[in-house]
Amino acid sequence: MSEPLLQVEGLETTFFTKAGALKALDGVSYTIHRGEVLGIVGESGCGKSVTSYSLMGLLDHPGKVTGGRALLNGVDLLSLTEEEYQKVRAKKIAMIFQEPMTALNPVLTIGQQIDEQLFQHTDLTPAQARKHSIEMLAKVGIPSPEERYSNYPHQLSGGMRQRAMIAMALALGPEFLIADEPTTALDVTIQAQILELFQSLQKEMGMTVQFITHDLGVISEISDRVMVMYAGRSAELAPTEELFRSPRHPYTASLVRSIPVLGQRVDRLPTIEGVVPSLMERPDGCAFQNRCPYQTAECAQAVPPFTELSPGHFVACFHPLEAK
Amino acid sequence: MEPLLRVKNLSKFFPIRKGLFLREVGSVRALDDVSFDLYPGETLGLVGESGCGKSTLGRTLVRLYEPTQGEVEFLGENFLKLKGADLRARRKDIQMIFQDPFASLDPRMTINQILTEPFRVHGLHSRTEQDRLVKEMMEIVGLKASYLDRYPHEFSGGQRQRLSIARSILLKPKLVIADEPVSALDVSIQAQILNLMKDLQKEFNLTYLFISHDLSVVEHLCDRIAVMYLGKIVELASRDELFKNPRHPYTKALMAAIPRVGFGKREMKASLQGEVPSPISPPSGCHFHPRCAVKQSSCSVKYPELIEVAPAHFVACPFHSGGTSL
């Protein structure tokens, strides 16, 4: 496997609220290799989006990164000042958001928004910037890009807006891209179009991607490796095919079983009893213990370490399932 | 068997008004000439993408919208003709579960008030009997009776959806229309709600019209499935038949677009190019023809009838082909 591009170690993000300090991320660690797509999957509140915002330096008050490192090519992103961050964002790392309608500026045209970052980071003249932006729009498959260049976001359909946002994120050829639920708001046939585009661009530009979604189907088709998160911690990380064939963390195993799969009929879906604990009531030790069929006294005493059980397969559990 | 609900040529057009005198300049053809029967005890799934008219159909059936034309026969009587007290009495038998459990429960009412409201509206039972039934129902949907004094904001999304379900079946309806009831929920909670709906169907002998955009959920729950595209039903068949032998090109494309869990990374290939056209001016002839892989010149002329091509398998495409299954 090639060298790592991004190394996240013990990432910890805390929200300082009136109710007290809440650790949204409590020691998240993973590595992404150059040219790889790492999928991050988990349910609402598991911290998958906070992880991205922390890496991008986009956390709003009262959220703050309170520990850990995130080395991109050896440079710790978490120690950058805001000015240093502005030089890195868009150029080295870029992000695509879930809802293009809120992520795009409604009072600027699509073209102005792509041009803006070109002016920020390059010496292109307005004419050159325009040419480059139109090329980007064409590249992401937007029909009649010259016209679309002067359109406002509301004049585009959901799928087209998402394409425009991809064009914007890739305009400066970043080496690392974070995609946060980029297809969740789209219909399945449009989702398939966007995923196809995304894959071909990723290959063509040799990008490294962190792809976040709650959809196990999407993650399974697009990622080389998958990390499952639960209540602000990494639960399991493995190559995609292995993770779904032989999940070792009880949470991953139950999650995979609880979704209806086309062509596999069951009378009742196996469920995970209870709900994800809120950050305020996360139990001591393993966060999953109260919903776990394999729970023992040990689980309440310490947080299980994220250990490599077999090459490339990491699990945070004291009682991992047998490998299949 | 006599159908519980018979829908004939039902249409709902929303007028578009413009100008000083709000002249009608066009219409959104949200639901366009839809017919089907729903039999007692079955679950009929309605699937399709945004804007295909599946929610409009659900809302028109409970008369939240008045249809532009068409007939709805419920329990043998013309449901669209009912007025006043008759309508209210009949509505007891059709209940609805909505997608967003955050919007469908009044935030200023306690759970007890929310759940006894259906009884108050219909003037049913004494106070003590109401309380008893509500408590019993809380248990049936898996919630503690001690929660009754709480307000909706104190519950999680899954619990709220349990409350909406409890409210909808308190009146022992015959038909429950569920509009994307699990779309807003996390996957582990989704499974709990789907199981609950299955259990309740057995216990109370319910008939479901289940509206969803998620084919795998629909396959799990439904006996028969209708696929909709731009206001029309394009294919209707039993679950086994539809998934084994999808015939309409749109159904096939829709199935091919669903990401598969657990098969490992693969190259994505979009099964459909372009986007769903606007229902304000749908394409001439077959609405699907501009995106269709097997279109012929005649497709842009006349909308194809929904015809029975195999026993109980209806397809609105003269050039349909069987065989390509998953």
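The values are calculated or read from the model by the stated rules, or taken from the named source; none is laboratory data. Here the structure is a predicted model, which means the values were calculated and not measured. Cβ placement follows ideal geometry from the backbone for every residue including glycine, while neighbour counts extend to all protein chains displayed. These area figures cover heavy atoms from the full protein model, side chains too; ligands, DNA and RNA do not enter into them. Shrake-Rupley method; radii C 1.70, N 1.55, O 1.52, S 1.80 Å.
So the values come out like this:
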quantity: Test: residue in region B:76-89 that is without any contact (Cβ under 8 Å) to a residue 12 or more places away in the chain, open to solvent by less than 50 Å² (accessible area, probe 1.4 Å), farther than 16 Å from B:Ile169 by Cα and among the hydrophobic types (A, V, I, L, M, F, W, C); calculated: yes
quantity: All positions within region B:215-232 that are open to solvent by 10 Å² or more (accessible area, probe 1.4 Å) and closer than 17 Å to B:Leu57 by Cα; calculated: B:Arg224, B:Lys232
quantity: Some residue of region A:227-241 being surrounded by fewer than 24 Cβ atoms within 10 Å (Cβ to Cβ) and among the aromatic types (Phe, Trp, Tyr); calculated: no
quantity: In region B:273-326, the residues that are at positive phi and touching a residue at least 24 places away in the same chain (Cβ under 8 Å); calculated: B:Ala312, B:Gly323
quantity: Lone unmet requirement of (1) under 15 Å from the mean Cα position of the chain (by Cα); (2) aliphatic (A, V, I, L, M); (3) open to solvent by less than 10 Å² (accessible area, probe 1.4 Å) for A:Val50; calculated: (3)
quantity: Conditions (1) within 9 Å of chain A (Cβ to nearest Cβ); (2) part of a loop (DSSP other than H, G, I, E, B); (3) open to solvent by less than 10 Å² (accessible area, probe 1.4 Å); (4) over 23 Å from A:Glu43 (Cβ atoms): number failed by B:Glu275; calculated: (3)
quantity: Failed criterion for A:Glu43 (all others in (1) open to solvent by less than 10 Å² (accessible area, probe 1.4 Å); (2) at pLDDT 90 or above hold); calculated: (2)
quantity: Verdict on A:Glu196 being without any contact (Cβ under 8 Å) to a residue 40 or more places away in the chain, open to solvent by less than 10 Å² (accessible area, probe 1.4 Å) and more than 16 Å from A:Phe314 (Cβ to Cβ); calculated: no
quantity: Condition check for A:Gln301: modelled with pLDDT of 90 or more, open to solvent by 40 Å² or more (accessible area, probe 1.4 Å) and not hydrophobic (A, V, I, L, M, F, W, C); calculated: yes
quantity: Where a residue in region B:29-51 is within 14 Å of chain A (Cβ to nearest Cβ) and more than 22 Å from B:Val276 (Cβ to Cβ) and its partner, wherever it lies, is aliphatic (A, V, I, L, M) and open to solvent by 20 Å² or more (accessible area, probe 1.4 Å), with Cβ under 7 Å and at least six apart; calculated: none
quantity: Hits in region B:281-310 (condition: open to solvent by less than 90 Å² (accessible area, probe 1.4 Å) and either within 14 Å of chain A (Cβ to nearest Cβ) or within 30 Å of A:Arg245 (Cα to Cα) (or both)); calculated: B:Phe288, B:Pro290, B:Arg291, B:Cys292
quantity: Enumeration of residues in region B:237-268 that are more than 10 Å from every other protein chain (Cβ to nearest Cβ) and open to solvent by 10 Å² or more (accessible area, probe 1.4 Å); calculated: B:Ser238, B:Glu241, B:Asn245, B:Arg247, B:Pro249, B:Lys252
quantity: Given (1) over 30 Å from B:Ala30 (Cα atoms); (2) within 14 Å of chain A (Cβ to nearest Cβ); (3) surrounded by fewer than 19 Cβ atoms within 10 Å (Cβ to Cβ); (4) not aromatic (Phe, Trp, Tyr), index of the condition B:Asn205 fails; calculated: (2)
quantity: In region B:132-181, the residues that are open to solvent by 10 Å² or more (accessible area, probe 1.4 Å), among the polar types (S, T, N, Q) and within 14 Å of another protein chain (Cβ to nearest Cβ); calculated: B:Ser156, B:Gln159
